[in-house]
Every structure is written in C-alpha cells, then in structure tokens.
Amino acid sequence: MPVILPTVQFTASSYTVTEGDSVTITVTLSSPSTQMVTVGYTVQVNDNGILGAETGTIEFHPGETTKSATFIIQDDTCCQGNGTALVVLDNPMGATLGSPSSMTITVLDNDICP
Ligand SMILES: [Ca+2]
C-alpha cells in the first residue's frame, strides 16, 4: 500500500494585527505522523520600504499536529502607514504542502499622521 503523507498548512491565509499587539501563526499537520516532519518557512517583510526576509524550519515530532509561533509587533510612534509580511511554507519533508501554504499579515499603523 502506498504511504499517504499528511499535508502541512496554515490555519488561516490572512491575519490583521495592530502595532503593539501580538500575532500567533499556527501550522497544522492533517494527521499525526510516526516520523519526524519538517517544513521550511520564509518571512518576507515589507514595512513601508523596510524589506527583510527570515527563513527557518518548523519541526513536528512524531504525534504532533500543531505548531504555533507568537510574534509581538513592535509599537512605535512613527506614522509610517500599514505594513505587510508574507509567510510562505516550502520544502516539506515527510508531508506534502496543503492549503493555505502562504499567509499574509497586515500590520495596521496605530499612529495618527499630523
Ligand atoms: Ca507606527
């Protein structure tokens, strides 16, 4: 019998957060695996001209189906407008990519422009 791999995906494809608040990103496996499952991720930030990228790997140990990460969006007093970040899953090992495999985070500026 062929082995059917679980899928790995985000629980939401978009999220909106206000500066100073935190955002929790959750990645789930469709079914628990008896093997280690890993999936890579890339975070691309576009904060009104400030571009950055960060990559890493999420690991599911056997039996685990949920991984969450919480980020605090730094508050500032600048009026820079809203920013966005794109988080993309790639290169799964022991699973296949499900849907959604990317997530857009919109960061709302909480400062009033003069
Ligand atoms: Ca601001």
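Provide the descending list of Cα extents for region 69-114 along its principal axes, expressed in whole angstroms.
51, 16, 12
So for the pair Val45, Cys113, with labels modelled 7 Å out along Cα→Cβ, what separation do we get in nm?
2.2
If only Cα atoms are counted, what is the Rg of the chain, and what is its Dmax, in Å?
16.3, 66
Over the chain, what is the mean sequence separation of C-alpha contacts under 8 Å (at least six apart), divided by residue count, expressed as relative contact order in percent?
That works out to 39 percent.
P(r) for region 1-42: what percent of alpha-carbon pairs falls in each 5 Å bin, starting at zero?
5, 15, 24, 19, 14, 10, 7, 4, 1, 1, 0
With each label point set 7 Å from Cα along the Cα-Cβ vector, what nm distance links Thr24 and Gln80?
Modelled inter-label distance: 2.7 nm.
Readers should treat all values here as calculations from the given coordinates under stated rules, not as data from a laboratory. Since the structure is predicted, the reported quantities are computational estimates derived from the model, not experimental observations. With ideal geometry, Cβ positions are generated from the backbone for all residues, glycine too; neighbour counts draw on all protein chains shown.
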